[in-house]
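Everything below concerns the one structure shown next.
The values are calculated or read from the model by the stated rules, or taken from the named source; none is laboratory data. Worth saying up front: this structure is predicted, and the values here are computed from it rather than measured. Don't worry about glycine lacking a Cβ; one is built from the backbone with ideal geometry, like all the others, and counts go over all protein chains shown. Areas reflect the complete protein model, heavy atoms only, side chains present, ligands, DNA and RNA absent. Shrake-Rupley method; radii C 1.70, N 1.55, O 1.52, S 1.80 Å.
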Amino acid sequence: MKTIITLTEALEKIKQLKSTYYFRRESEKVALPDSVGRELSEDIIADSMSPEFDISAMDGFAVRSSDCYPLKISGKVYAGDSIAKIKSGQAIAIATGAILPQGTDAVLKIEDAEVKRDLLYGKKLNMWENVFRKGSDYSAGDRIFEKNHRIMPQSAALLYSLGIEKVPVYKKIKAGIISTGTEIYNGMIKNTSAVLIQGFLKESGHESEFIGAVPDDYDRTKNMLLRACEKYDAVFMTGGVSVGERDFVAGIIARAGEIVFHGVAIRPGKPCAIGIVNDTPVFALPGKPTGAFSALEIVVRRYFTDMPRALHELTINEAVVLPEKGFEYILFVKIVNNKAIGYGKEMKLFDREYNTAIISASPRSCVVEGYVMTDRNIEKGELVNAYLFY
């Protein structure tokens, strides 16, 4: 009898798998707009400084901090103007983003200033107060981004400021998808899990190809997996990972390669198997659609990103009784008026006691705003932390 592992143990094994395989990809250069969502394949080092000049951080008056008021206002300077110059005893009106005039070293905020005719009065300033110093953002030789950084829109903006138009990134993972099960192969049941995996990989910034469906046949399943592991960077399988008579997948992975783990103490999603075949990671998910989604979201997602889901504290609108201890239960919830509403109960998929088997089989039950994880019963009106999908 196989021994399931805790979620913490599973995530640690996923972390180890990622350290070996995830970044084992070739590099390519892509246009800056196409780099968002990709991971850098090398460090990015600045070859210049930013800002190139001392810049006003406020609307106000550029002054010399050692001067005493009143100061004679000698003009105005705006962002984009050439560098001005003033003498001791003078001040100059300045806009946010303008280059600090020569002879000044601080900016008096406009709300702290008093102007009488052409004379300026205000508070004593420290040197460089309200000034964005030259080179304070970065200097030549600074490491701006480390290798493996996932590029966000704000990362792309900074890369542009560095003058980088072609960005060195890892090539996208190309994953193959195999669906097992005679009912899928014969078209008796729609293959929703394959579409789910394709969407997951696209959202993760990678590519996928549906290899095909295979009936509940040991040799045919094994041969399709072996061929896939020769072609793809990773292989996803659905179905055949539980303990039924025709659940061959975990055994095939174990005989053809290595099982990293088989079974995680989460519900839905418990019967998932992660392994390595022909030096290729294999992610075998439960056949039931919401079980597949749960294993993908809670376990496999950590292979592709370390970015946690946003957490939001909500009041749960109903009591939930767990059927068995020793598991982390995933309660899918809609969010209405700052309350977490158990979507399964709304659909009459469970009545107080959480029915894992029924929830797992319903693709609709996870089309919600988020989920709550718990290993204990929850009382109606309790505050819970919900992980948000967006």
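The set of residues in the range 162-175 being touching an Asp or Glu at 6+ places or on another chain (Cβ under 9 Å) and surrounded by 15 or more Cβ atoms within 10 Å (Cβ to Cβ) consists of L162, V167, P168, V169, Y170, K171, K172, I173, K174, A175. When the range 249-276 is filtered for residues that are surrounded by fewer than 22 Cβ atoms within 10 Å (Cβ to Cβ) and within 22 Å of K231 (Cα to Cα), the ones remaining, listed by number, are G251, A254, R255, A256, G257, E258, I259, V260, I276.
Summed over the range 368-385, residues that are surrounded by 18 or more Cβ atoms within 10 Å (Cβ to Cβ) and of a type in the set (D, E) total 1. Here A250 clears all of (1) farther than 18 Å from P268 by Cβ; (2) touching a strand residue (DSSP E or B) at 6+ places or on another chain (Cβ under 8 Å) except the condition numbered (1). May I ask you to verify whether S56 is more than 30 Å from A79 (Cα to Cα), modelled with pLDDT of 95 or more and either open to solvent by less than 80 Å² (accessible area, probe 1.4 Å) or among the hydrophobic types (A, V, I, L, M, F, W, C) (or both)? No, not satisfied.
Counting only strands (runs of 3 or more DSSP E) that sit completely within the range 1-107, those holding 3 or more residues that are touching a Lys or Arg at 6+ places or on another chain (Cβ under 8 Å) correspond to 27-31, 90-94. Consider I99 carefully, then state whether it is touching a Phe, Trp or Tyr at 6+ places or on another chain (Cβ under 8 Å) and either within 16 Å of I55 (Cα to Cα) or open to solvent by 20 Å² or more (accessible area, probe 1.4 Å) (or both). It is true that I99 is touching a Phe, Trp or Tyr at 6+ places or on another chain (Cβ under 8 Å) and either within 16 Å of I55 (Cα to Cα) or open to solvent by 20 Å² or more (accessible area, probe 1.4 Å) (or both). Answer yes if at least one residue in the range 295-311 is out of contact with any helix residue (DSSP H, G or I) (no Cβ under 9 Å at 6 or more places or on another chain), open to solvent by less than 10 Å² (accessible area, probe 1.4 Å) and over 16 Å from A10 (Cβ atoms), and no otherwise. Checking the range 295-311: not a single residue is out of contact with any helix residue (DSSP H, G or I) (no Cβ under 9 Å at 6 or more places or on another chain), open to solvent by less than 10 Å² (accessible area, probe 1.4 Å) and over 16 Å from A10 (Cβ atoms).
Which is open to solvent by 40 Å² or more (accessible area, probe 1.4 Å), outside any strand (DSSP E or B) and either over 30 Å from Y69 (Cα atoms) or in contact with a Gly (Cβ under 9 Å, 6 or more places away or on another chain) (or both), of K124, K134, K147?
Numbers: K124 fails: either over 30 Å from Y69 (Cα atoms) or in contact with a Gly (Cβ under 9 Å, 6 or more places away or on another chain) (or both); K134 fails: either over 30 Å from Y69 (Cα atoms) or in contact with a Gly (Cβ under 9 Å, 6 or more places away or on another chain) (or both).
Of the residues listed, the single one that is open to solvent by 40 Å² or more (accessible area, probe 1.4 Å), outside any strand (DSSP E or B) and either over 30 Å from Y69 (Cα atoms) or in contact with a Gly (Cβ under 9 Å, 6 or more places away or on another chain) (or both) is K147.
Of all residues in the range 290-304, none satisfies being in a loop (DSSP other than H, G, I, E, B) and without any contact (Cβ under 8 Å) to a residue 60 or more places away in the chain.
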